[in-house]
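What follows is calculated from the coordinates using simple rules that are stated; it is not laboratory data. This one's a predicted model, so the numbers in the text were calculated from it and none came from an experiment. When we count neighbours, we look across all protein chains shown, and the Cβ atoms used for this are built from the backbone with ideal geometry, even at glycine.
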Amino acid sequence: MNIFKRLFRIGQAEMHAAVDKMENPICMTEQGIREMREDLDKAMEALAQVKALAIRTRNDKNKKASEAEDYEKKVVLLLSKAQKGELDMAQAERLAKEALVLKDGLTKEVKVLEEQQLIHEKSADEIQKNVDVLKFNITKWENELKTLKSRVRVSKATKEVNKQMARIDSNSTISMLERMKEKVEEEEALAEAYGNMAAQNTSLDDEINKAIGDSGKEKVNQELEEIKKRLGIE
C-alpha cells in the first residue's frame, strides 16, 4: 500500500509549490486536507477488506484443522473396533487409510491457509501504518491550517492599521498636529508675557506707594482740609 504514501508526497509537493507561487495558501491547504481525507477513506476501506479476508482465511484454516483432527480420531476409532472384533480388520484398515488421505489433504490445506493468513495480516499491518501516517498528517495539517488562518487574520488587521497610518502621514495630518502644537505653545508664551507685564505694573504701584510713605498721606490730608475750608465745610 505504498501508493498512499506516494499520493501524499505528490499532493504535498503540489501544495507547497502553490504556496510558493503565492496562490491562496488557505484554500490550497484545505484542498490538500480534503484529498488526504479521501485517501484515508480509501485506505480504511482497503484495511477493512484485507482484515476481513484475513479473518475468513483464519476461520477456514481452523475449520479444516478441526476436520483433520476428526479424521485422525476416526482412524483411531476404526482400529479400536477392529481390535475388539466389532469390525473386520481389513475393512477397518481400508477405511482408516481413506481417512488418513483425507486428513493429509486437509492438513496441506491448513498450511496453505495459514500462509495466506500471514500474508493478509502483514498486508493489513502495512495498510494500518499508512492509515496512521495519514491520520497524523491530517491532524498536523489541520493544526497548521488553524495557525495559518490566525496568521492571515492578524496580517490583514496589521495591514489595515498600516494603511490607515500611511494615509494619515500622506494627508499631512501629523504636520498639521505639529503646527497646532506650535500655535498652542505661542499662545501659552503670550499669555505668560501678559501675566508678567501685569505683575510688573502691580509692583510699580507698590513701589510708588512705598516711596510716598506716611508723609504722602499727611500731605493728602492737608489738601483735603484746605478744600473743605474753602467750601465752608466744618
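Couple of notes before you dig in:
- Relative contact order of the stretch 61-123, defined on C-alpha pairs under 8 angstrom at six or more residues apart (%): 45 percent
- All aspartates and glutamates inside 16 Å of Lys228 as judged from Cα atoms, apart from same-chain residues fewer than 8 positions distant: Glu218
- Sites Asp70 and Gln91 - FRET efficiency at Förster radius 22 Å, r taken between beta-carbons, to 0.05: 0.65
- For the set Lys51/Lys129; Lys61/Lys108; Lys42/Lys149; Lys63/Lys122; Lys64/Lys111, the pairs lying more than 20 angstrom apart at their alpha carbons are Lys42/Lys149; Lys63/Lys122.
- Extension reserve of the Lys149-Asn59 stretch, reckoned as 0.36 nm per residue once the Cα distance is removed: 27.3 nm
- Counting beta carbons within 10 Å around each of Met89, Met36, Met28 and listing the fewest first gives the order Met89, Met28, Met36.
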